[in-house]
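Trainee: Sharing a structure here in structure tokens format.
The values are calculated or read from the model by the stated rules, or taken from the named source; none is laboratory data. No experiment lies behind these values; they were computed from the predicted model shown. Here Cβ is always computed from backbone atoms with ideal geometry, including for glycine, and neighbour counts include all displayed protein chains. Heavy atoms of the whole protein, side chains included, go into the accessibility calculation; ligands, DNA and RNA do not. Shrake-Rupley method; radii C 1.70, N 1.55, O 1.52, S 1.80 Å.
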Amino acid sequence: MKVVRCVAALALVATPSFAQGVSDVHRPHYHYAPAENWMNDPNGLLYYEGEYHLFYQYNPYGDRWGHMSWGHAVSRDLIRWQELPVAIPEADVMAFSGSAVLDWNDSSGFGKNGKPPLVALYTGYNPVTKIQAQYVAYSNDRGRTWNRYGDKPVLDISSTAFRDPKVFWYAPGKRWVMVVVLATENKVAIYTSGDLKQWSKASEFGPAGARSRSWECPDLFELPVEGHPDESRWVLSIDLDQDAIGGGSGVQYFVGNFDGARFTLDPSWGQQPVWADYGADFYAAASWNDIPQQDGRRIWIGWANDWRYAQAVPTWPSRGLMSSPRTVTLRKTTEGYRIAQAPVKEVETLRHDHVSAKDVRLAANPVNLPIKGGAVELQLDIDTGTADQIVVALTDEKGFQTLIGINPSIDELFLDRTRSGPAFHDAFPDRHTAPIKIQNGRAKLRILVDESLVEIYADDGETTLTDRFFRGGGQLRWTAQARNGSAIMRSVDAWQMKASPNNPG
Ligand code: FRU
């Protein structure tokens with residue numbers, strides 16, 4: 001959270017939406033975006049009585065950061081969202097990021113008529129004192145309305161950089177655990193509680209891995225190790241507000257153990273930062289609480305933006321969208337423990353008009369791919385042949401172009417958006433790269449495109465690259481080519497993606 005953001009917020013009360021020169025052509029078809037106004041981090045992710053709740057940092061009054069409140073949407077399948085009224089409004093404090101739990105044994109005493117309450121813990125930011133402290137709100141009506149607990153925070157250390165509490169139930173210790181950042185110290189603090197109101201400090205973690213002006217939005221969860229059903233590890237994800245791998249804000253993670261009080265790095269974990277995503281536009285990732293055990297998935301979602309230019313992206317009437325909800329799993333790789341991500345399987349229910357092609361030969365002359373439009377899933381199995389580079393180009397009618405490609409000789413995946421639409425911010429035109437493992441000359445890519453967003457999943461989800469792109473106008477044309485040699489797309493599978501009802505496209 002930059003100070004600039006606060007100043008902008010105060011100045012913006014009477015600023016009209018700036019609609020000049022921008023329109024909703026970039027509105028996603030199947031990723032979540034509010035109908036209008038500004039959105040940043042996902043908050044309070046919670047599953048309860050058949051509904052996935054998605055709360056988020058929201059400005060009800062404008063399309064830039066300010067008046068921070070918790071916006072709210074619900075879904076039964078993580079894909080088709082219904083936007084609901086603001087859940088936690090700005091009051092004497094702005095409602096910054098946080099989390100929510102089902103207080104299943106009514107430890108807080110907020111329950112009503114024998115039903116457990118939903119309890120949210122969020123950072124209240126006082127614009128006068130600049131203090132950030134942790135507040136509680138609860139709901140007795142399936143998250144529809146929220147009451148703040150008292151006037152005061154439940155956890156206040158008189159800090160101006162103490163935020164983003166992620167709370168969960170730690171069953172072995174029968175207690176609530178909170179991970180929260182001491183942002184400018186690049187530390188995570190861990191607190192525990194029996195009733196969600198009184199918190200005691202248990203430990204600290206950090207600095208470690210990648211450091212920056214601020215660490216933000218931590219999450220901590222346990223995952224089984226793929227293929228080793230009796231083994232598990234804990235993943236601590238931490239966001240950096242700047243200087244991450246994509247150039248601006250981004251998500252790193254650590255793998256280790258957690259004993260209910262302290263997170264310790266796995267002995268195999270190195271000093272180098274490990275990134276959850278290699279693009280510029282995956283931030284503030286947070287995972288759902290209380291997904292039923294029989295489902296068993298760990299699912300997270302990120303804000304598809306980068307703080308460097310988030311307030312300038314040329315979309316209107318909403319500014320801000322979410323990534324796909326993604327399952328997160330843990331794998332032992334040759335580099336050590338790594339997470340793998342995949343779009344939740346529910347995304348597949350949006351597919352229609354499947355087209356496929358086999359053995360598409362690529363050389364210097366671009367060939368047309370059998371895909372149309374900007375709401376698409378694409379799966380490619382590429383035999384890299386003799387080519388130095390294999391590229392898929394998305395070109396609009398004004399000649400703006402976004403390139404997705406691989407450079408087999410250096411095991412590199414890239415997205416080049418140096419010419420992706422009219423200029424709106426210096427930090428936007430760039431090329432982002434990620435390491436991939438090309439084995440026996442074969443690379444498999446799964447690509448989700450949604451009007452202004454590209455999510456690339458490579459190496460079976462071990463590597464993802466998420467980037468926004470923009471366009472100048474007209475239909476997108478999809479072509480592919482190989483440079484300095486030839487290659488073959490052994491298979492191309494593409495689907496058009498249906499629009500979610502909240503995103504009429
Ligand atoms: C991260 C963040 C959080 C803060 C929120 C304010 O993007 O800066 O640290 O709680 O946004 O909107």
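Trainee: HN-Hα J couplings of region 83-88 from phi, Karplus 6.51/-1.76/1.60, θ = phi - 60°, integer Hz, Gly and Pro as x?
Mentor: Each residue of region 83-88 in turn: 7, 10, x, 3, 8, 10 Hz.
Trainee: As a check on your grasp of the helix formula, calculate [θ] at 222 nm for the chain: sum -39500 (n - 2.57) over DSSP H runs of n ≥ 4, divide by the residue count, round to the nearest 500.
Mentor: Values: 1 runs with 9 residues, N = 505.
It lands at -500 deg cm²/dmol.
Trainee: Same structure again: With all distinct Cα pairs included, what does the Kirkwood hydrodynamic radius of region 259-381 come out to in Å, to one decimal, could you say?
Mentor: Kirkwood radius, region 259-381: 18.6 Å.
Trainee: Read phi for every residue in region 178-187 and hand back ³J(HN,Hα) as whole Hz from Karplus 6.51 cos²θ - 1.76 cosθ + 1.60, θ = phi - 60°, with x for Gly and Pro.
Mentor: Once θ is set to phi - 60°, the couplings for region 178-187 become 10, 10, 8, 9, 9, 4, 6, 7, 6, 10 Hz.
Trainee: What fraction, in whole percent, of alpha-carbon pairs in the chain exceed 31 Å separation?
Mentor: Numbers: 53703 of 127260 pairs.
Tail of the P(r) past 31 Å holds 42 percent of the pairs.
Trainee: Hey, what D do you get for region 321-362 in µm²/s if you plug the Kirkwood alpha-carbon radius into Stokes-Einstein at 25 °C and 0.890 mPa s?
Mentor: Answer from the Stokes-Einstein relation: 180 µm²/s.
Trainee: So what J values fall out for region 285-302 if you push phi through Karplus, 6.51 cos²θ - 1.76 cosθ + 1.60 with θ = phi - 60°, rounded to Hz, Gly and Pro as x?
Mentor: Rounded to whole hertz, the list is 4, 9, 10, 6, 8, 6, 5, x, 4, 5, 7, x, 7, 9, 10, 10, 8, x.
Trainee: So how much accessible area does Tyr149 have, in Å² to the nearest 10, using a 1.4 Å probe?
Mentor: The value for Tyr149 is about 90 Å².
Trainee: Further question: Report the number of Lys pairs in region 3-343 whose alpha-carbons are under 29 Å apart, with separation of 8 or more residues or on distinct chains.
Mentor: 29
Trainee: Going through region 50-95, which trypsin sites (Lys or Arg not before Pro) have at most 16 other Cβ atoms within 10 Å and a DSSP loop state?
Mentor: Arg76
Trainee: What accessible area, in Å² to the nearest ten, does a 1.4 Å probe give for Trp316?
Mentor: For Trp316, solvent-accessible area is about 90 Å².
Trainee: A further question follows. Please list, ordered by chain and number, the residues whose modelled amide H lies under 5 Å from the amide H of Gly473; skip anything fewer than 5 residues away on the same chain.
Mentor: When sequence neighbours closer than 5 places are left aside, the close amide H contacts are Glu397, Lys398.
Trainee: If you take the beta carbon distance between Ala261 and Glu51 as r and set R0 to 25 Å, what does 1/(1 + (r/R0)^6) give as a FRET efficiency, to the nearest 0.05?
Mentor: Values: r = 32 Å, r/R0 = 1.29.
About 0.20, to the nearest 0.05.
Trainee: Could you order Phe110, Phe162 so the one with the most accessible surface comes first? Probe is 1.4 Å.
Mentor: From most exposed to least exposed: Phe110, Phe162.
Trainee: Can you tell me which lysines have their Cα less than 23 Å from the Cα of Lys398? Leave out same-chain residues fewer than eight positions away.
Mentor: Straight-line reach from Lys398, under 23 Å: Lys372.
Trainee: Counting only C-alpha contacts under 8 Å and six or more residues apart, can you give the relative contact order of the chain as a whole percent?
Mentor: This gives 15 percent for the chain.
Trainee: How high is the relative contact order of region 349-497? Use alpha-carbon pairs under 8 Å, at least six apart in sequence, and give a whole percent. Kindly include the intermediate steps, with their values, before the conclusion.
Mentor: On the way: 402 pairs, mean separation 67.5, N = 149.
The normalised contact order for region 349-497 reaches 45 percent.
Trainee: Let me have the relative contact order for region 432-493, percent, based on Cα pairs under 8 Å that are six or more residues apart.
Mentor: 23
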